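Please read the structure below before turning to the comments.
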Amino acid sequence: MNVFVWIEQHNGTPVAASWEAIGLARQLGDTVTALVLGQGVDDIAQAAIHYGADAVLKADDATLAQVRFEPYVTLIAHLVQQHNPDIVLAAATISGREVLAGAAADVNAAMLPDVIELSLEDGKLSAARPVLGGKVLSVEAVTADGPQFATLRSRAFPMPEPDANRSGTITEVSPVLADDVIASRVESAAELSGQVSLTDASVIVAGGRGVGGPEGFAPVKELADVLGGALAASRAAVDAGWIPYEHQVGQTGKVVSPDLYIAAGISGAIQHQAGMRTSKVIVAINRDADAPIFRLARYGIVGDLFDVLPALAEAFRNRLG
């Protein structure tokens, strides 16, 4: 089995879930080939080998500097048609879902999106993925012949340890589309700095309507900082203008799978659960003992978040030194 893995990167920074995809690819196939597209991506190509790729197909060109649908989809589809891999994987980010779905459509291949479990049975992929807002786990299998595409939810699969002693072949490939025939342009990109990425975070502390206003996120952020985690919010808090949209977790926000998710002042509407129910450990803090979030949580604290969060922050600060 030959497995392709698209290594998604933005401004020279690889998406961590791409390395998780390489780790899974090593379990599924005999040969793992990383697709590294961008501009100035030599270090990423080498890192792909260290994380487990046997070979790299590297396209280094100004037309690929930013992830754009047309040049990325066309090139990945071209490489799949040229090399005929058995499986093609990528991270289930916004870009990953879009680009891989487009490439799969171009080569008329089966596509399994946003999977949290993936196995191989008689040469065909079988996957489990949350559907209906995460309330149901759907088990799906590929039946068609040809390449099989899948995108993997971040943190659903183990991160492999890089090995600087690994070696592999790096082959240069050329983009398919010239810049003057690409319909879209990236005019500007604003990079958020100084924050832990929600998608990559192993610990997330989230606040909801119960924080009462923008200032109510202070103890939420304090606990997140103490734990080295990310700050998140429910849609209600975002819609109220208390915190920017990039912090939103839920059906219309980010989908996360941290090791620890602390929900403070969040009732647990099904739309919010859709974005965080695959978290490994969920802790709920709410004054309403009947809040739906408690049915999802492993640990629940019935109380005022403004009393509980500072106490937790102090306890963790003492424990963690």
Can you tell me which residue in the stretch 2-56 is modelled with the lowest pLDDT, limited to those that are closer than 21 Å to A92 by Cβ and in a loop (DSSP other than H, G, I, E, B)? N11
Go through I243, I266 for me and flag whichever is in contact (Cβ under 8 Å) with a residue 12 or more places away in the chain, in contact with a Gly (Cβ under 6 Å, 6 or more places away or on another chain) and hydrophobic (A, V, I, L, M, F, W, C). I266
Residues that are buried (at least 16 other Cβ atoms within 10 Å of the Cβ), in contact (Cβ under 8 Å) with a residue 60 or more places away in the chain and under 20 Å from the mean Cα position of the chain (by Cα), drawn from the stretch 126-147: P130, G133, G134
From the list M159, M111, pick out the single residue that is in contact with a Gly (Cβ under 7 Å, 6 or more places away or on another chain) and either touching a residue at least 40 places away in the same chain (Cβ under 8 Å) or surrounded by fewer than 19 Cβ atoms within 10 Å (Cβ to Cβ) (or both). M159
Got a sec? Which strands (runs of 3 or more DSSP E) wholly within the stretch 72-155 have at least 1 residues that are assigned by TED's automatic domain parsing to the domain that holds W6 and within 23 Å of E8 (Cα to Cα)? 87-91, 110-115, 117-121, 124-131, 148-152
When you scan the stretch 294-321, how many residues do you find that are among the aliphatic types (A, V, I, L, M), touching a helix residue (DSSP H, G or I) at 6+ places or on another chain (Cβ under 8 Å) and not in a strand (DSSP E or B)? 6
State all residues of the stretch 1-46 that are closer than 13 Å to I170 by Cβ, surrounded by fewer than 24 Cβ atoms within 10 Å (Cβ to Cβ) and under 19 Å from the mean Cα position of the chain (by Cα); if no residue qualifies, say none. I44
Could you check how many residues of the stretch 224-250 are under 15 Å from S279 (Cβ atoms), touching a helix residue (DSSP H, G or I) at 6+ places or on another chain (Cβ under 7 Å) and of a type outside the set (A, V, I, L, M, F, W, C)? 2
Subset tally (residues that are modelled with pLDDT under 95 and among the aliphatic types (A, V, I, L, M)) for the stretch 180-229: 10
Selected residue (only one of L57, L100 is of a type outside the set (S, T, Y) and under 22 Å from the mean Cα position of the chain (by Cα)): L100
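The values are calculated or read from the model by the stated rules, or taken from the named source; none is laboratory data. What you see is a predicted model; the values in this text were computed from it and never measured. Note that each Cβ is placed from the backbone with ideal geometry, even for glycine, and that neighbours are counted across all protein chains shown.
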